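Every number here is computed from the coordinates shown, using simple stated rules; none is lab data. Please read all numbers here as calculations on a predicted model, not as lab measurements. Glycine also receives a Cβ, built like all others from the backbone with ideal geometry; neighbour counts cover every protein chain displayed.
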Amino acid sequence: MNLLTELPSKELLDLRMEAVLRLLSADELEAIMKACDCHWIHNGDPQAPHAELTSGKCSNGFINLRLVLCRLNLCQIMANQLIRLLTARYSGRIDWVMGSATASTNLAYEVARQLGAQTWPMQKGPEKTQLLESMVIPDDAVILHVEELMTTAGTARAVREGIRKVSPNVKFVPFLPVIAHRPEPGDCTGVDNSKVIYLAHYDIWTADPKDCTLCKQGSKPLRPAKNWQELTAGKAV
């Protein structure tokens, strides 16, 4: 097939897994994300707007993979891409596939379906905990942990802790596949004994408004969900 970067957005949104029989490049994955209006990186123009996150912090990039994974055809593709990424490094047993609530629930389900493994949705608990409820994973089961996006390793660690509170004797695959990897400096290289591997890496920073270099240069912060066209136009507003 042709490079996905050459396809119009409509065709990318309608893409089917059987048409993607190889590991895609980071640029091709980015093209899919852009077609879903969920990927933006600041162009470097100090007058162009930048992202204001829900936390109130500023950022030079924005990725929301939920807008990709809610499309089941694209979720199938992303799951298959993670499987291809993993199987180049690991050929051992996989009994269960788990991911964080709720961003990676669909992804974990689809990876499990394609591998013929089992899965169960994690639940969000208080103070950023992740809970495994109404299920006990058998002793010595091998779990593949997947995530759609990693900024810090905090959520991934919470998933491991939540599983082990209920099922303390499980084992984890020594790799943790991720679609988009945009870590804080020095973070997200591994979780427990699992090395983080990824389809695409981004150097995206976040900062308090008082410390934001773009704010200091006159760039206007915009909430991506409400101002997507203005944000992605890359021009002063």
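Please identify every one of the trypsin sites (Lys or Arg not before Pro) in the range 51-107 that sits in a loop by DSSP and has no more than 16 other beta carbons within 10 Å of its own beta carbon.
Working: sites: 57, 66, 71, 84, 89, 93; in loops: 57, 71, 89, 93.
Sparse-neighbourhood loop trypsin sites (Lys or Arg not before Pro): 57, 89, 93.
Choose one of 120, 48, 231: the residue whose Cα lies farthest towards the positive end of the charge dipole of the chain (beta-carbon charges +1 Lys, Arg; -1 Asp, Glu; about the Cα centre).
So the residue furthest toward the plus end is 120.
Using the Karplus curve 6.51 cos²θ - 1.76 cosθ + 1.60 with θ = phi - 60°, what ³J(HN,Hα) values do you get for each residue of the range 221-229, in whole Hz, with x for Gly and Pro?
My calculation for the range 221-229 gives x, 10, 6, x, 4, 9, 9, 4, 5 Hz in order.
Amide H of residue 153 versus every other amide H placed in the peptide plane: which residues, excluding those fewer than 5 positions away on the same chain, fall under 5 Å?
For residue 153, whose amide H was placed from the backbone, the distant partners under 5 Å are 188.
Which ³J(HN,Hα) values in Hz, rounded to whole numbers, follow from the phi angles of the range 171-182 under the Karplus curve 6.51 cos²θ - 1.76 cosθ + 1.60, where θ = phi - 60° and Gly and Pro get x?
With coefficients 6.51, -1.76 and 1.60, one gets 10, 10, 4, x, 9, 10, x, 9, 6, 10, 10, 9 Hz.
Under 5 Å between amide H atoms, partner at least 5 residues away or on a different chain: which partners does residue 98 have, H built in plane at 1.01 Å?
144, 145, 146
Order these by the 10 Å Cβ neighbour count, fewest first: 173, 111. Before the final figure, lay out each step's value.
Values: 173 23, 111 28.
Least to most surrounded, the residues fall as 173, 111.
Reachable aspartates and glutamates from residue 195, Cα under 13 Å, same-chain residues fewer than 8 places away excluded?
147, 187
What ranking of 119, 54, 102 emerges when the number of other C-beta atoms within 10 Å of each C-beta is taken as an exposure proxy, fewest first?
Values: 119 22, 54 8, 102 12.
Ranking 119, 54, 102 by Cβ neighbours within 10 Å, fewest first, gives 54, 102, 119.
Going by how many other Cβ atoms sit within 10 Å of their own, how do 96, 228 line up, fewest first?
Numbers: 96 24, 228 15.
Fewest to most other Cβ atoms nearby, the residues stand as 228, 96.
Take the alpha-carbon centre of the range 139-191, take the same for the range 1-59, and report the distance between them in whole Å.
25
Provide the gained length on full extension for the span residue 171 to residue 123, in nm with one decimal, where the gain is 0.36 nm per separating residue minus the Cα-Cα distance. Mind dumping the intermediate values first?
Numbers: separation 48, 0.36 × 48 = 17.28 nm, distance 2.02 nm.
Once the chain is fully extended between residue 171 and residue 123, it gains 15.3 nm.
Pull up all non-local amide H partners of residue 176: gap of 5 or more, or a different chain, and H-to-H distance under 5 Å with H placed in the peptide plane.
195, 196, 197
Given points 7 Å out from each Cα along the Cα-Cβ axis, report the residue 187 to residue 139 separation in nanometres with one decimal.
About 3.6 nm, to one decimal.
Each residue of the range 162-168 in order: what ³J(HN,Hα) in whole Hz does its phi give by Karplus 6.51 cos²θ - 1.76 cosθ + 1.60, θ = phi - 60°, with x for Gly and Pro?
Per residue, the Karplus-derived 3J(HN,Hα) values read x, 5, 6, 5, 9, 10, x Hz.
Roughly how many nanometres apart are two label points built 7 Å out from the Cα toward the Cβ at residue 235 and residue 34?
If labels sit at residue 235 and residue 34, their model points lie 1.8 nm apart.
Rounding to the nearest 20 debye, state how big the charge dipole of the range 75-203 is about its Cα centre with +1 on each Lys and Arg Cβ and -1 on each Asp and Glu Cβ.
Details: 13 positive and 13 negative charges, 40 e Å.
I would put it at about 200 debye.
Provide Rg over Rh for the chain; use the alpha carbon set for both Rg and the Kirkwood Rh (inverse mean inverse pair distance).
Numbers: Rg = 18.5 Å, Rh = 18.8 Å.
Rg divided by Rh gives 0.99.
Please go through the range 170-228 and write out the trypsin sites (Lys or Arg not before Pro) that DSSP classes as loop and that have at most 14 other C-beta atoms within 10 Å.
Numbers: sites: 171, 195, 210, 216, 226; in loops: 226.
Hits after loop and neighbour filter: 226.
Explain nothing, just the number: dipole magnitude of the chain about its Cα centre with +1 on each Lys and Arg Cβ and -1 on each Asp and Glu Cβ, in debye rounded to the nearest 20.
Using only the charged Cβ atoms, the result is roughly 220 debye.
Can you list which of the trypsin sites (Lys or Arg not before Pro) found in the range 9-49 are DSSP loop residues with at most 13 other C-beta atoms within 10 Å? Walk me through the numbers on the way to the answer.
Working: sites: 10, 16, 22, 34; in loops: 16, 22.
Filter output for the range 9-49: 16, 22.
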